[in-house]
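The values are calculated or read from the model by the stated rules, or taken from the named source; none is laboratory data. This structure is a prediction, so every number in the text was calculated from the model and none was measured. Neighbour counts are summed over all protein chains in view; Cβ atoms, including those assigned to glycine, are modelled from backbone coordinates with ideal geometry. These accessible areas exclude ligands, DNA and RNA; they are computed on the full protein's heavy atoms, side chains included. Shrake-Rupley method; radii C 1.70, N 1.55, O 1.52, S 1.80 Å.
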Amino acid sequence: MDERSKLANDNTSEHTSDPANAFTIHPLNCGTIRNHERSGFLYRTDCGGGRINAPCIAWLLRSQNHTLLVDTGPGTRRHAARFYSDDDVNQEDLLRDELARLDINPSDLTHVILTHLHNDHVGGAPLLTNARFYVQEAELKEAVWPVPFQRPIYETNQRGKIPSWVEILDRMEVLEGDVEIVPGVRALLLPGHTAGSQGVLVNTAEGEFLIAGDLVPLYENWPGTESQAIPNGNHTDLRAYAASFKRLAALNATILPAHEPRVFDFKQYPSCRCL
Ligand SMILES: [Zn+2]
């Protein structure tokens with residue numbers, strides 16, 4: 001069975017056809033990687049061609065029965081000051097502010113999927129005091145003992161600093177491979193950027209969307225075909241990356257990138273400018 005029919009088989013249950021399991025996806029702007037060399041996301045393609053302010057995006061998923069969060073941004077100003085704007089001294093916790101905009105109390109969230117454990121994706125996790133956090137086993141191992149050049153981004157072995165992922169260890173649900181989290185939301189193991197990166201396949205009224213994490217930081221990384229795909233400049237394994245791109249090609253999903261400013265052209269997905 002090829003990948004496409006295997007995934008289709010997994011998902012042709014009553015789950016995806018039931019309108020109760022159709023989600024809307026809301027991007028939340030939880031911080032900014034400022035003045036970032038754009039080619040750093042693009043395997044040095046067009047190196048020196050420009051710099052961008054790249055948002056750190058969390059995603060709120062809502063259906064009739066479930067509310068979930070994917071990723072948490074870098075965390076509070078106190079924890080992650082460099083991701084905050086100098087202009088607005090009133091911003092102390094962007095994740096909290098973004099959830100409040102959607103009338104969500106952080107303590108209401110019970111299911112949080114982490115695409116990986118880099119600090120700009122997991123830093124906000126300690127705010128979510130009642131959540132279980134879904135993480136791939138390979139990613140947890142990587143965070144404990146990363147390759148040396150990734151220690152800072154996991155906040156591992158940084159003297160005097162407790163990594164956010166350590167603060168939530170007792171509430172982690174550790175996954176091995178692809179797992180349905182709730183009907184209509186499925187975690188897919190997609191390594192390459194990190195050893196245990198995962199994407200989140202979300203059923204909507206207009207087909208499936210894939211929240212790709214840093215496998216696809218910008219729209220330009222994934223033009224729709226393997227042959228034209230560009231890896232993130234920050235990665236641990238290019239062979240694994242290529243295999244994950246092959247999986248993307250087999251999906252019939254709309255890809256949502258992790259650090260793409262144009263994501264905020266729409267307030268929610270399936271796309272809508274109305275809220
Ligand atoms: Zn990352």
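Key figures for this structure:
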| item | result |
| --- | --- |
| Trypsin sites (Lys or Arg not before Pro) lying in DSSP loop within the stretch 63-148, provided at most 15 other Cβ fall within 10 Å | ARG78 |
| Relative contact order of the stretch 184-262, pairs being alpha-carbon contacts under 8 Å that are 6 or more residues apart, as % | 35 percent |
| Restricting the stretch 206-257 to GluC sites (Glu not before Pro) in coil, as DSSP defines it, with at most 16 other Cβ within 10 Å | GLU206 |
| Cα Rg, Dmax (largest Cα-Cα span) when computed across the chain, Å | 17.5, 55 |
| Rounded to whole Hz, the Karplus (6.51, -1.76, 1.60) HN-Hα couplings of the stretch 122-128, x for glycine and proline | 10, x, x, 4, x, 5, 9 |
| Alpha-carbon centroids, the stretch 179-198 and the stretch 46-80: separation in whole Å | 17 Å |
| Relative contact order [Cα under 8 Å, 6+ residues apart], the stretch 141-275, whole percent | 18 percent |
| Under-5 Å amide H pairs with ARG77, H placed in peptide plane, nonlocal only | ASP93, LEU94 |
| Length-normalised contact order for the chain - Cα pairs under 8 Å, 6+ apart - percent | 19 percent |
| Heavy-atom accessible surface of the chain: percent carbon and sulfur, 1.4 Å | 48 percent |
